[in-house]
There are 2 protein chains.
Amino acid sequence: MTTEREKRASSWFAALRDDICAALEGLESELAPDCPHHFHRDDWVREGGGGGTMALMRGGVFEKVGVNVSEVHGVFAPEFRRAIPGAVEAEGRFWAAGLSLVAHPRSPLVPAAHLNTRMIVTTKTWFGGGADLTPTFPVEEETRAFHGAMEAACAAHPVADYPRFKQWCDEYFYLPHRNEARGVGGIFFDDLSSADWEGDFAFVREVGLAFRQVYTDLVRHNMRRSWTPEQRRALLIKRGRYVEFNLLYDRGTTFGLKTGGNPEAILMSLPPEVVWP
Amino acid sequence: MTTEREKRASSWFAALRDDICAALEGLESELAPDCPHHFHRDDWVREGGGGGTMALMRGGVFEKVGVNVSEVHGVFAPEFRRAIPGAVEAEGRFWAAGLSLVAHPRSPLVPAAHLNTRMIVTTKTWFGGGADLTPTFPVEEETRAFHGAMEAACAAHPVADYPRFKQWCDEYFYLPHRNEARGVGGIFFDDLSSADWEGDFAFVREVGLAFRQVYTDLVRHNMRRSWTPEQRRALLIKRGRYVEFNLLYDRGTTFGLKTGGNPEAILMSLPPEVVWP
């Protein structure tokens, strides 16, 4: 039976999705008005319980942007339980809902971006997520604006620990085989479960809203700058690193694929066009 | 100290590399004569011991083809030893040499192909490898020719078990999250260590030679057929599956990257241009 908290979290993720999709469609109308693009939504059902909706747009500004919301439940296979708080005690039963977004802009001067927020319930209840930026050509001012927005979101909520979440992001989005970071970072958090669920949830909502604001600003700011074929090629190569990270290391991706998740929804994060030189 | 067998295996892999590179360069001259392309070789050194040479060609026929030979030695980290025959007994010490080739043709009507042969020594000595074909548009006659060549290579050597090696290939090159095969198969074998090392080695050599012959025939046969942009797009999408397999499942790739292998040599297998639609 879905609890009140589960309902509220799930509704929030759907509302945030609507809000962000509208904002990104707004950017398309504003910045690429010749051909107005919209998100196309596809519902999917998870075999073990629950499902989700994948919203995908291929536009003029965003070569590919996907926003997936899901609400799933079921029983974790025994081999996964030990790694998940409270899963052994719950005999594997879990509930999870979340939103994940990956934006791959067409212009090499507009950073790619990623947002994820989720709530998970076993015998414990916690939030996880984060937001991070992957420019091909990092611009200090822009990196500062993104980090500043995440810092402000954390500062407004006593449950959040910005320095820790920032460092966690740097450590997580790292390609050891290349000895390089995936992007310029942001925040990453997991197991967020203070004594104050309302406070945790309020922070998670703020991360989503802060991301929407700062990222749409960055896109608007950079989209009209012209770029060269060499810059575009650098973007396609940078995207290869994104693929390497997601398929080799990203726990959400590998876990989802290995536990029978919807491959289209999970791999929605992969860039539309990639080059390995 | 390198043994006689190690020296012979290592020399063979280098000789096969020379032979295959010459054959593929020959196809370039023959089929795309306007702009003759050649392999470019780069030596690399492995931090823990040994090294290799990566030969790479970007041509008119082959959009990207890499042939890597390596001869490495050192000590496996304790966490890997249990999975490797004789490694615990050898206190982790190993020697390994091999050749691996991945060819990504430009034409969607010419199949991509993969060849790998290797010898590994701990307290045990064994061979592994295989060859398989990945067409975007499988043609039955062509698939039959490839399988026929592998079957003939096996038939000539009592140490080889074609039905088993063929099935092993089908099982190995499979994407469970897509519920689809990477390609049309071929052969795959590992732990090949009969009482007759000479026989094992002769079979491994034959696999390399059989591959060279059948694959150059297939390329020559298909290269002049004209193709459409839709077919090219299908190739780029098919290549995405190749990337997914190699980064998510391929043991050589993930093992190599996680044990400090040369990322450029390991990821040489990734296609030059890829699309996730």
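The values are calculated or read from the model by the stated rules, or taken from the named source; none is laboratory data. Note that this is a predicted model, so its numbers are computed, not measured. Quick reminder, even Gly has a Cβ in these numbers, built from the backbone with ideal geometry, and neighbours come from all protein chains shown. Please note that ligands, DNA and RNA were not included when accessible areas were found on the heavy atoms of the full protein model with its side chains. Shrake-Rupley method; radii C 1.70, N 1.55, O 1.52, S 1.80 Å.
Can you find a residue in region A:215-236 that is surrounded by 18 or more Cβ atoms within 10 Å (Cβ to Cβ), closer than 23 Å to B:Glu244 by Cα and within 14 Å of chain B (Cβ to nearest Cβ)?
The answer is yes; a qualifying residue exists.
What about B:Leu175, is it over 24 Å from B:Arg144 (Cβ atoms) and open to solvent by less than 50 Å² (accessible area, probe 1.4 Å)?
Criteria not met by B:Leu175.
How many residues does region A:187-239 contain that are outside any helix (DSSP H, G or I) and in contact (Cβ under 8 Å) with a residue 60 or more places away in the chain?
Going through region A:187-239 one residue at a time, the tally reaches 9.
Inspect region A:113-131 for any residue being farther than 21 Å from A:Ser269 by Cβ, open to solvent by less than 30 Å² (accessible area, probe 1.4 Å) and in contact with a helix residue (DSSP H, G or I) (Cβ under 6 Å, 6 or more places away or on another chain) and give the result as yes or no.
Scanning region A:113-131, I find no residue that is farther than 21 Å from A:Ser269 by Cβ, open to solvent by less than 30 Å² (accessible area, probe 1.4 Å) and in contact with a helix residue (DSSP H, G or I) (Cβ under 6 Å, 6 or more places away or on another chain), so the answer is no.
Restricting to region A:66-85, name every residue that is of a type in the set (Gly, Ala, Ser), at pLDDT below 95 and in contact with a strand residue (DSSP E or B) (Cβ under 8 Å, 6 or more places away or on another chain).
Listed by number, the residues that qualify are A:Ser70, A:Gly74.
I need the full set of residues from region B:86-126 which are over 16 Å from B:Met54 (Cβ atoms), of a type in the set (S, T, N, Q) and either in contact with a Gly (Cβ under 6 Å, 6 or more places away or on another chain) or at pLDDT below 95 (or both), in order please.
B:Thr117, B:Thr122, B:Thr123
Can you say whether A:Leu257 is of a type in the set (A, V, I, L, M), part of a helix (DSSP H, G or I) and within 11 Å of chain B (Cβ to nearest Cβ), as far as the supplied structure shows?
yes
Out of region B:237-274, which residues are open to solvent by less than 10 Å² (accessible area, probe 1.4 Å) and more than 26 Å from B:His40 (Cα to Cα)?
Correct list: B:Glu244, B:Phe245.
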